[in-house]
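A.B. asks: Before we start, here is the structure in question, set down as structure tokens.
The values are calculated or read from the model by the stated rules, or taken from the named source; none is laboratory data. Keep in mind that this is a model prediction, so the values were computed, not measured. No Cβ is skipped: glycine too gets one built from the backbone with ideal geometry, and neighbour counts run over all protein chains shown.
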Amino acid sequence: TQTTRPQRMLAAVQKSATRGDPRSVVKAIDQFCRQKEWAMNVGDEKGCILDSVVTEVNPATVLELGTYCAYSTVRIASLLPPDAKLITLEFNPHNAAIARQVIAWAGLGDKIQLVEGPSGDWIPKMKEKFGIETFDLVFLDHWKDRYLPDTKLMEECGLLRKGSVLLADNVICPGTPDYLEYIRNSPRYKSQYFRSHLEYTKVEDGLEKSVFLG
Ligand SMILES: CCCNc1ncnc2c1ncn2[C@@H]1O[C@H](/C=C/CNC(=O)c2cc(-c3ccc(F)cc3)cc(O)c2O)[C@@H](O)[C@H]1O
Ligand SMILES: [Mg+2]
């Protein structure tokens, strides 16, 4: 029977990456996507920008919206301080199942909590279910028309504090026009665009980094 792309990506990780070595997992996925099949991971070029923001913020709490196959999940978690926690939301059960195995292969199970379900249901439950007061860093990489509603929901739920950083993938391609318009014109955020390329291509894309001002 036919395998899925996430299944083939996991097979590439299990074939080429070293168990317990997160950066080798990242490298194996990038190699698979460059040499075999394109996939919608943030990728190695935008991944370097992601790395620099994670290192700068040095977050104790991270929320990722849209796990997919956990490429960015593993990339972020590999840079976190010892007691930091990353919660990643994924509502497609098949993708979640693959992502769990990628996270396990990287040996990051104690830093990463993958929660299965839609962001809209889980964002309001972060405090009661996970004891999270606020997030130091949020990585938005799920359906592009959900960036804005989920950002407003995080504001309403008090999950952002003065200095919290939102980092949004794909603000050019596929694009998140309503989110960009809101975040760049809101007096409550200080935004910065990091120009790059769509993963594994020469097409323009970029990350928008926005600091919540409280
Ligand atoms: C209820 C929907 C909103 N809430 C959600 N809550 C939890 N998980 C959610 C989710 N939305 C989507 N997801 C999951 O995130 C993932 C979706 C990511 C969407 N990403 C893209 O569409 C995307 C697409 C491209 C892309 C760019 C150019 C192109 F020609 C084709 C594709 C590039 C990217 O970097 C992308 O991130 C899936 O695993 C999905 O199941
Ligand atoms: Mg993306």
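Okay, residues lined up against (1) outside any loop (DSSP other than H, G, I, E, B); (2) modelled with pLDDT of 95 or more; (3) surrounded by 16 or more Cβ atoms within 10 Å (Cβ to Cβ):
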residue: Lys125; (1), (2), (3): yes, yes, no
residue: Pro149; (1), (2), (3): yes, yes, no
residue: Met154; (1), (2), (3): yes, yes, yes
residue: Tyr182; (1), (2), (3): yes, yes, yes
residue: Pro187; (1), (2), (3): no, yes, no
residue: Ser196; (1), (2), (3): yes, yes, yes
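A.B. asks: Considering Ser52, Ser16, Ser78, which residue is closer than 18 Å to Gly109 by Cα, surrounded by fewer than 21 Cβ atoms within 10 Å (Cβ to Cβ), more than 15 Å from ligand 1 (Cβ to nearest atom) and not hydrophobic (A, V, I, L, M, F, W, C)?
C.D. replies: Among Ser52, Ser16, Ser78, only Ser78 is closer than 18 Å to Gly109 by Cα, surrounded by fewer than 21 Cβ atoms within 10 Å (Cβ to Cβ), more than 15 Å from ligand 1 (Cβ to nearest atom) and not hydrophobic (A, V, I, L, M, F, W, C).
Let's see how each residue does on (1) surrounded by 19 or more Cβ atoms within 10 Å (Cβ to Cβ); (2) assigned to a helix (DSSP H, G or I); (3) within 18 Å of the chain's Cα centre (by Cα):
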{"position": "Glu128", "(1), (2), (3)": "no, yes, no"}
{"position": "Gly163", "(1), (2), (3)": "no, no, no"}
{"position": "Ile172", "(1), (2), (3)": "yes, yes, yes"}
{"position": "Asp178", "(1), (2), (3)": "no, yes, no"}
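A.B. asks: Looking at Ala84, Ala96, which is the one that is more than 13 Å from ligand 1 (Cβ to nearest atom) and either of a type in the set (A, V, I, L, M, F, W, C) or over 18 Å from Asp110 (Cβ atoms) (or both)?
C.D. replies: That would be Ala84, the only listed residue that is more than 13 Å from ligand 1 (Cβ to nearest atom) and either of a type in the set (A, V, I, L, M, F, W, C) or over 18 Å from Asp110 (Cβ atoms) (or both).
A.B. asks: Name every residue in segment 1-40 that is closer than 16 Å to Thr73 by Cβ and in contact with a Ser or Thr (Cβ under 7 Å, 6 or more places away or on another chain), in order of residue number.
C.D. replies: Ala17, Pro22, Arg23, Ser24, Ala28
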